[in-house]
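Have a look at the structure below, then the notes.
The values are calculated or read from the model by the stated rules, or taken from the named source; none is laboratory data. Values in this document were obtained by computation on a predicted structure and should not be read as measured data. No Cβ is skipped: glycine too gets one built from the backbone with ideal geometry, and neighbour counts run over all protein chains shown. For accessibility, only protein heavy atoms count, side chains too; no ligands or nucleic acids. Shrake-Rupley method; radii C 1.70, N 1.55, O 1.52, S 1.80 Å.
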Amino acid sequence: MLKIVKTSLVIAATLGVSGVAQADVNEALANICTIVQADDKGELRKKMRSVESDYRMKLKDYYSAISCGGNSLIRTALLNNALEAGELLVKKMPKSDLEAPEADGKTLQAWVAENGLQDTPIAAVINDRL
């Protein structure tokens, strides 16, 4: 009986801590869309480092959960001609994640072609990576 009580307390404590951690990560990433739109590579790098050190999460862990007006971070960089931030994001993402379909089911390359953004410098970096 005592083991069950101890086990349930440990599980409850663990669930409570992870719920708080999730809220903190969301708070830490709250202005990342603004940073990408402003093409502030230094601030973006700083934000990514702090999330990695504080929460042990890399870009690939939270990339798909972030939406900037319905677009992913790389799409936002493309639409705002944020070259430095876009290049950093592309270089930090694993190739397999760059090739994977995003929330709308389209791959990044298909979306770029559909929106006529093939001639942008960020599209060139994406093509070089793939």
**Prompt:** Would you call A85 within 14 Å of the chain's Cα centre (by Cα), surrounded by 10 or more Cβ atoms within 10 Å (Cβ to Cβ) and modelled with pLDDT of 75 or more?
**Reply:** yes
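Hey, can you tell me all the residues within the range 93-104 that are under 12 Å from the mean Cα position of the chain (by Cα) and either aromatic (F, W, Y) or not in a loop (DSSP other than H, G, I, E, B) (or both)?
Scanning the range 93-104 gives D97, L98.
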**Request:** Pairs only if they're at least six apart or on different chains, beta carbon under 8 angstrom, first in the range 52-66 and part of a helix (DSSP H, G or I), second open to solvent by 90 Å² or more (accessible area, probe 1.4 Å) and small (G, A, S); list them, first residue then second.
**Result:** S64/A103
**Message:** Can you confirm whether E52 is modelled with pLDDT of 85 or more and open to solvent by 70 Å² or more (accessible area, probe 1.4 Å)?
**Reply:** yes
**Conditions (1) modelled with pLDDT under 90; (2) open to solvent by less than 70 Å² (accessible area, probe 1.4 Å); (3) among the small types (G, A, S): number failed by S64** = (2)
**Message:** Among the residues that make up the range 34-42, is at least one of them closer than 19 Å to I122 by Cβ, among the hydroxyl-bearing types (S, T, Y) and modelled with pLDDT of 50 or more?
**Reply:** yes
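Can you confirm whether T34 is surrounded by 16 or more Cβ atoms within 10 Å (Cβ to Cβ) and without any contact (Cβ under 8 Å) to a residue 60 or more places away in the chain?
Against the criterion (surrounded by 16 or more Cβ atoms within 10 Å (Cβ to Cβ) and without any contact (Cβ under 8 Å) to a residue 60 or more places away in the chain), T34 does not qualify.
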**Request:** Specify which of the listed residues (V112, V125, V90) is open to solvent by less than 60 Å² (accessible area, probe 1.4 Å) and either farther than 15 Å from V36 by Cβ or not in a helix (DSSP H, G or I) (or both).
**Result:** V112
**Residues being within 15 Å of the chain's Cα centre (by Cα) and either open to solvent by 50 Å² or more (accessible area, probe 1.4 Å) or of a type outside the set (A, V, I, L, M, F, W, C) (or both) - total across the range 67-82** = 7
**Request:** Return the residue satisfying two criteria in turn: it lies in the range 93-103 and is in contact with a Phe, Trp or Tyr (Cβ under 8 Å, 6 or more places away or on another chain) and among the charged types (D, E, K, R), and of such residues it is farthest from T34 (Cα to Cα).
**Result:** D97
